[in-house]
Amino acid sequence: MVHLHAVVAASAEVAATRARGSKVAAIAGLLASLDAEEVRPATALLSGELPGGRVGVGWSALSALDVAPAPRPALGVLDVAAAIGELRDVSGTGSARRRGELLRQLFGAATAAEQDFLLRLLGGELRQGALEGVMLEAVARAAEVPAAAVRRAFMLSGQLPATAEAALRGGSAALAAVRLEVGRPLRPMLASPADALDAALAELGACVVEHKLDGARIQVHRSGERVRVYTRALREITEQVPELVELALGLDCDSVVLDGEALALTDSGRPRPFQETMARFGARGPRDEILRPHFFDCLHLDGADLVDEPLHRRLDALARVAPGHRVPGVRPGSAREAAAVLDDALAAGHEGVVAKDLDSPYAAGRRGRAWRKIKPAHSLDLVVLAAEWGHGRRTGLLSNLHLGARDPDGGPPIMVGKTFKGLTDELLAWQTAELPRHETHRDRWAVHLRPELVVEIELDGVQVSTRYPGGVALRFARVLRYRPDKAAGQADTVDSVRAMLPGGRVPDEKLEP
């Protein structure tokens, strides 16, 4: 039996280093020591997640706890999973009292270090740095299987604990047995930025160039008369989008999995702001907005899985099943034809285009070079680390944002700049109300936040700088929008920021502030 204190020690070791290899080694060592039934809950704990998902425990209940710690470690990983399961099952009259009893029992059996770990875990503040990429690499090392096999199984299952269990219990054969299941969301494939359309075309060769819509990512699954719709973060929104369900049921097929974007449109057919589409996903029943899907990939059709097929075959399948709902695009015969697609996209109010290698399979979770997005202006998705109180007409409002890029080695976000530009009166009011809900502490000048909120920043470029820990600074940065569809682990990395420098690299002597 592996005790919780071993997980706590591994978590602390991961948090104490920025070296990716050391993080992987610490996690892999623990995973290799687990019994078969401990793999799922321990993987969740190491990832900063609750085994089995969320429980109905808020900060008010946690902050009210005052339980003396146990003198020595005794809690096992399975004990913690069972206690969390009991908390999740509590409902009805007297549920608050019963949850309090269960929490006191759990914390009374935990040492001081374990109590601190559990408090941060249940409160959603566990940030030990074991991000998905590090966890997947550690799983591969512990199970002695190829990392590519682990990543593929994770893409298809969408569940890290289940992927770890398959790898550690069954090895490569169990990972290979993981298949696409209609009704279970896949992790989405992502595009990486390109500086110019001509450069992307030269790099990709035979490709398709499609409009890059300013919509919200959706994944639509249909099996017979059953339809499920998911967001980019794999959250189910089926009940909130009855028009998408109706559309899927009208397709000429028995089963299908489609990847695409949904847009909220004005009466004239122009796309509404992204935030309005996301708000539509949170509403139930009919709404005034016109919600229209545009699909750009087909991952399954009538019993045939297509994720390993080249894109041109997936597009042929998409043309057969949903010809009236394709994202606009062409397979260009010339650079001039591709440039015309970009002009059309911008004229229609979209962000730009995406150029895609026609021979590429569907590979999720990593910003590879098979899909390249081209926008007239550069933009980055960054994490909000803090916000300073405004001056003048912004007195009393949270204004200047501290911005961090994701550490690809799993450490905390790395600050790369600040900006107060682009903030409308509406956004300033929203920030001032919302940001304190994510507060860790404040000082005279700013409110400091848990790294949870992602904001899209438009910028003219980056420059080498010793002012910020990342060794770079953003040039003429301005806020475009918040990204409620993205978690901090999906923000752009500091490597992506540095890649925007001429030559794509920060001199070593500039990395230390």
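The values are calculated or read from the model by the stated rules, or taken from the named source; none is laboratory data. Since the model is a prediction, treat every value here as computed from it, not as a measurement. Please note: Cβ atoms are built from the backbone with ideal geometry, for glycine as well, and neighbour counts cover all protein chains shown.
When S157 is tested against (1) without any contact (Cβ under 8 Å) to a residue 60 or more places away in the chain; (2) surrounded by fewer than 18 Cβ atoms within 10 Å (Cβ to Cβ), exactly one condition is not met: (2).
Could you look through region 124-152, keep only residues that are in a loop (DSSP other than H, G, I, E, B) and at pLDDT 95 or above, and pick out the one that is nearest to S33 (Cα to Cα)? Break it down into steps so the answer makes sense when it comes.
Let us first name the residues in region 124-152 that are in a loop (DSSP other than H, G, I, E, B), namely 124-131, 144-146.
Checking the rest, the ones that are also at pLDDT 95 or above come to 144-146.
Details: E144: 13, V145: 16, P146: 19 Å.
Per the stated criteria, the residue is E144.
Cβ separations smaller than 8 Å between residues 6+ apart or across chains give the following pairs from region 291-310 residues that are in contact (Cβ under 8 Å) with a residue 60 or more places away in the chain to residues that are among the basic types (K, R): H294/R326; F295/R326; F296/R326; D297/R314; L299/R314; D305/R179. Taking G205 as meeting all but one of (1) farther than 23 Å from L301 by Cα; (2) surrounded by fewer than 18 Cβ atoms within 10 Å (Cβ to Cβ); (3) within 25 Å of the chain's Cα centre (by Cα), write down the number of the exception. G205 satisfies every listed condition except (3). Are there any pairs, at least 6 apart or on different chains, whose C-beta atoms fall under 8 Å, with the first in region 131-151 and closer than 15 Å to G410 by Cβ and the second of a type in the set (S, T, N, Q), and if so, which? Within 8 Å, the pairs are E132/S47; M135/T43; M135/S47; L136/T163; V139/T43; V139/T163.
Only one entry in A83, A74, A96 is outside any helix (DSSP H, G or I), farther than 25 Å from G170 by Cα and not basic (K, R), namely A74. Given the criteria crowded, with 21+ Cβ neighbours inside 10 Å, over 20 Å from F154 (Cα atoms), modelled with pLDDT under 90 and within 28 Å of the chain's Cα centre (by Cα), does V77 qualify? Taking the combined requirement at face value, the residue does not satisfy it.
With respect to the conditions (1) of a type in the set (D, E); (2) over 29 Å from H312 (Cβ atoms); (3) at pLDDT 95 or above, D116 falls short on a single one, namely (3). Scan region 301-333 for residues that are touching a Leu at 6+ places or on another chain (Cβ under 8 Å), of a type in the set (G, A, S) and over 23 Å from R152 (Cβ atoms) and the total you get is 1.
Does S379 meet the test of being at pLDDT 90 or above and farther than 20 Å from R18 by Cβ?
Values: at pLDDT 90 or above: no; farther than 20 Å from R18 by Cβ: yes.
So S379 fails the test.
The sole residue among V67, V55 that is in a loop (DSSP other than H, G, I, E, B) and modelled with pLDDT under 85 is V55. Here P413 meets each of (1) surrounded by fewer than 23 Cβ atoms within 10 Å (Cβ to Cβ); (2) modelled with pLDDT under 95 with one exception, condition (1).
Kindly indicate whether R393 is in the same structural domain as G471 (by TED's automatic domain parsing), over 15 Å from Y482 (Cα atoms) and surrounded by fewer than 18 Cβ atoms within 10 Å (Cβ to Cβ). Against the criterion (in the same structural domain as G471 (by TED's automatic domain parsing), over 15 Å from Y482 (Cα atoms) and surrounded by fewer than 18 Cβ atoms within 10 Å (Cβ to Cβ)), R393 qualifies.
Please go through region 199-228 and pick out each residue that is among the hydrophobic types (A, V, I, L, M, F, W, C) and not in a loop (DSSP other than H, G, I, E, B). First the steps, then the outcome.
Going residue by residue through region 199-228, those that are among the hydrophobic types (A, V, I, L, M, F, W, C) are 199-202, 204, 206-209, 213, 216, 218, 220, 227.
The answer is A199, A200, L201, A202, L204, C207, V208, V209, A216, I218, V220, V227.
Within region 362-384, track down each residue that is in a strand (DSSP E or B) and either surrounded by fewer than 22 Cβ atoms within 10 Å (Cβ to Cβ) or on the phi > 0 side of the Ramachandran plot (or both).
Of the residues in region 362-384, the ones in a strand (DSSP E or B) are 371-374, 378-384.
The answer is K373, H378, S379, D381.
Which count do you get for residues in region 186-198 that are farther than 21 Å from T493 by Cβ and either in a strand (DSSP E or B) or assigned by TED's automatic domain parsing to the domain that holds A355 (or both)? Looking only at that region, the number is 3. Residue check: is A477 closer than 12 Å to D407 by Cα, crowded, with 20+ Cβ neighbours inside 10 Å and in contact with a Leu (Cβ under 7 Å, 6 or more places away or on another chain)? Against the criterion (closer than 12 Å to D407 by Cα, crowded, with 20+ Cβ neighbours inside 10 Å and in contact with a Leu (Cβ under 7 Å, 6 or more places away or on another chain)), A477 does not qualify. The residue of region 80-109 that is farthest from A42 (Cα to Cα), among those that are of a type in the set (D, E, K, R) and crowded, with 17+ Cβ neighbours inside 10 Å, is R99.
Per the conditions (1) assigned to a strand (DSSP E or B); (2) modelled with pLDDT of 90 or more, the sole criterion not satisfied by Q463 is (2). When residues in region 208-231 are screened for being crowded, with 16+ Cβ neighbours inside 10 Å, among the basic types (K, R) and more than 28 Å from R481 (Cβ to Cβ), 1 of them pass. Of all residue pairs spaced 6 or more apart or on separate chains, those with beta-carbon atoms under 7 Å, a first member in region 349-364 that is closer than 24 Å to G158 by Cα and touching a residue at least 24 places away in the same chain (Cβ under 8 Å) and a second member that is β-branched (V, I, T) and surrounded by 19 or more Cβ atoms within 10 Å (Cβ to Cβ) are K356/V208; P361/V307; Y362/V307. When P71 is tested against the conditions (1) over 29 Å from the mean Cα position of the chain (by Cα); (2) crowded, with 16+ Cβ neighbours inside 10 Å, the lone failure is (2). Applying a threshold of 6 Å to beta carbon distances and a minimum spacing of six or more residues, or different chains, the list of pairs starting in region 79-98 at a residue that is touching a residue at least 40 places away in the same chain (Cβ under 8 Å) and ending at one that is assigned to a helix (DSSP H, G or I) reads V80/L4; A81/P41.
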